[in-house]
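Student: Have a look at this one before I ask anything.
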Amino acid sequence: MNLSAREAVRRELEQRRSRARIQQAERVEEIARKIPQVIDLRKELALTSVRLSKLILTGGGEIGAGLEKLRDANLQMQAMERDLLRRGGYPEDYLELHYTCSRCSDTGFVDGAPCACYRQIEREWLLQKLGESAALELRDFESFDLSYYDQQPDPAAGGVSPREHMGQVYRYCVQYAENFSGSGKGLFFCGPTGLGKTHLSLAIARRVIERGYDVLYGSAQGFLSAVEEEHFRRERSQQTMKQMTEADLLILDDLGAEFSTPFGQSVIYELLNTRRGPIVVSSNLTIQELQARYGQRVVSRLFAQCTYLRFLGKDIRHRLG
């Protein structure tokens, strides 16, 4: 969490440009050994600016003719260079800089707007960080298996089966990820452990990232520990809180599993109070337990900002095992 997506993209683009320069230098050394005439021509071409300056200073009324002659000489040397490379079995542009992205020359921007490569690097980094934060294999919607939920009707679910109910939850989550826009309500997953809350949270995160949005995922314990550590340092950094507030989508996993402190409770309330983008929250606690732990105002905020999705069934991990 110390490295932002923007900084990660900037570093990757710098590395790409540096790699392009190193590879170009290696190709120049290779041609210097095998076709030294090409290097001689490039040295001559490099003197163009010197000759141009001298022409302007001493040309008098012959500047026009001198410029034309200089241009023709340069074009001839460039044609000779291409011919030498071609006859040596090399592409004509072998000695040019070859960037990973030819559209933006590995700057990340085209006409002031982010290039497609910028977004691709950002998505790959976010998916990597998501996998690291989740501490398990990255999940997706395709791997969510409804057959692990019972088909028998459950009175607690209004007479529908856990499989039918969780099918509705699943489809709602898919639709939410596909229609995510960076605004609107979030989701509040509530139910006992082992019912797929983390799986669907990760699936949403993955799809939202693939669609080009910034996702910050982590456990409530991890986030609160980082915020507390930064708060009580001498410099009183607020980097984690800033990231949690500004991400397009924040996913707060396992709320209520963290060690309860007045500071942590105040951070949760401040986050819900200041964050404008959607948030996905999951918890193993009941609504009553959440109210007892965080107070009515926090739970009210959750319900005001999120669509409540109840997870039903028996711990599917027993069946997976």
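The values are calculated or read from the model by the stated rules, or taken from the named source; none is laboratory data. Here the structure is a predicted model, which is why all the values come from computation and not from measurement. So basically every Cβ, Gly included, is an ideal-geometry build from the backbone, and we count neighbours across all protein chains shown. When the accessible area is computed, the model is the full protein with side chains, heavy atoms only, and any ligands, DNA or RNA have been set aside. Shrake-Rupley method; radii C 1.70, N 1.55, O 1.52, S 1.80 Å.
Student: If you roll a 1.4 angstrom probe over the protein chains with everything in place, what fraction of the accessible area of the chain belongs to carbon and sulfur, to the nearest %?
Tutor: Summing carbon and sulfur atoms, their accessible area is 50 percent of the total for the chain.
Student: Let me know the longest stretch in the chain that avoids all GluC sites (Glu not before Pro) found in a DSSP loop with at most 14 other C-beta atoms within 10 Å.
Tutor: Longest gap between qualifying sites, sites excluded: 138-234.
Student: Please report the net charge: other residues with Cβ closer than 14 Å to the Cβ of Val299, K and R +1, D and E -1.
Tutor: +2
Student: Just to compare against my own numbers: the Cα pair-distance distribution for region 252-321, 10 Å bins, whole % per bin, please.
Tutor: In order of increasing distance, the bins hold 16, 52, 22, 10, 0 percent.
Student: Can you report the principal axis dimensions of the chain using only the alpha carbons, biggest first, rounded to whole angstrom?
Tutor: Dimensions of the chain along the principal axes of its Cα atoms: 96, 48, 33 Å.
Student: Across region 146-267, what fraction of all alpha-carbon pairs, as a whole percent, falls in each successive 10 Å bin from zero upward?
Tutor: Distribution as computed: 11, 35, 30, 18, 4, 1 percent.
Student: Now for a separate question. What is the extension gain from Ile39 to Glu7, computed as 0.36 nm multiplied by their sequence separation minus the C-alpha to C-alpha distance, in nm to one decimal?
Tutor: 7.7 nm
Student: With the contact rule set at Cα under 8 Å and sequence spacing of 6 or more, what percent relative contact order holds for region 147-225?
Tutor: Answer for region 147-225 is 20 percent.
Student: Mind checking the per residue accessible area of region 1-50 for me, 1.4 Å probe, whole number of Å²?
Tutor: Per residue, region 1-50 has 67 Å² of solvent-accessible surface.
Student: Continuing with this model, one more query. Treating the beta-carbon of each Lys and Arg as +1 and of each Asp and Glu as -1, no other charges, what is the dipole magnitude of region 12-63 about its Cα centre, to the nearest 20 debye?
Tutor: 80 debye
Student: Please report the net charge: other residues with Cβ closer than 13 Å to the Cβ of Glu258, K and R +1, D and E -1.
Tutor: Result for the neighbourhood of Glu258: -2.
Student: On to the next question. If amide H atoms are built 1.01 Å from N in the plane of the peptide, which residues on other chains or at least 5 residues away come under 5 Å of the amide H of Cys306?
Tutor: Under 5 Å from the amide H of Cys306 lie the amide H atoms of Gly186, each far enough along the sequence or on another chain.
Student: Identify all lysines with a Cα-Cα distance to Lys54 below 18 Å; exclude those on the same chain that are fewer than 8 residues away in sequence.
Tutor: Lys43, Lys69
Student: Treating region 221-296 as a set of equal point scatterers at the Cα positions, no solvent, please give the Debye-formula log₁₀ I(q)/I(0) at q = 0.15, 0.28 Å⁻¹.
Tutor: Listed by q, the Debye log ratios stand at -0.51, -1.53.
Student: Under a cut-off of 19 Å between alpha-carbon atoms, report the lysines in cross-link reach of Lys185, not counting same-chain residues fewer than 8 places apart.
Tutor: Lys197
Student: In addition: Out of all Cα-Cα pairs in region 6-101, roughly what percent, to the nearest whole number, are more than 17 Å apart?
Tutor: For region 6-101, the fraction of Cα-Cα distances above 17 Å is 62 percent.
Student: If Lys and Arg each add +1 and Asp and Glu each add -1, what is the summed charge of the other residues whose beta carbon sits under 12 Å from the beta carbon of Arg16?
Tutor: +2
Student: Within the chain, what's the longest run with no chymotrypsin sites (Phe, Trp or Tyr not before Pro) in a DSSP loop and at most 12 other beta-carbon atoms within 10 Å? Give the range, please.
Tutor: Segment 1-231 is the longest.
Student: Can you give me the relative contact order of the chain as a percent, contacts being Cα pairs under 8 Å and 6 or more apart?
Tutor: Taking the mean separation of contacting Cα pairs over the length of the chain, I get 18 percent.
Student: Which percent, to the nearest 5, of DSSP beta bridges fully inside the chain are antiparallel?
Tutor: 10 percent
Student: Assigning unit charges at the beta carbon (Lys, Arg +1; Asp, Glu -1) and nothing else, what dipole magnitude in debye, to the nearest 20, does the chain show about its Cα centre?
Tutor: 320 debye
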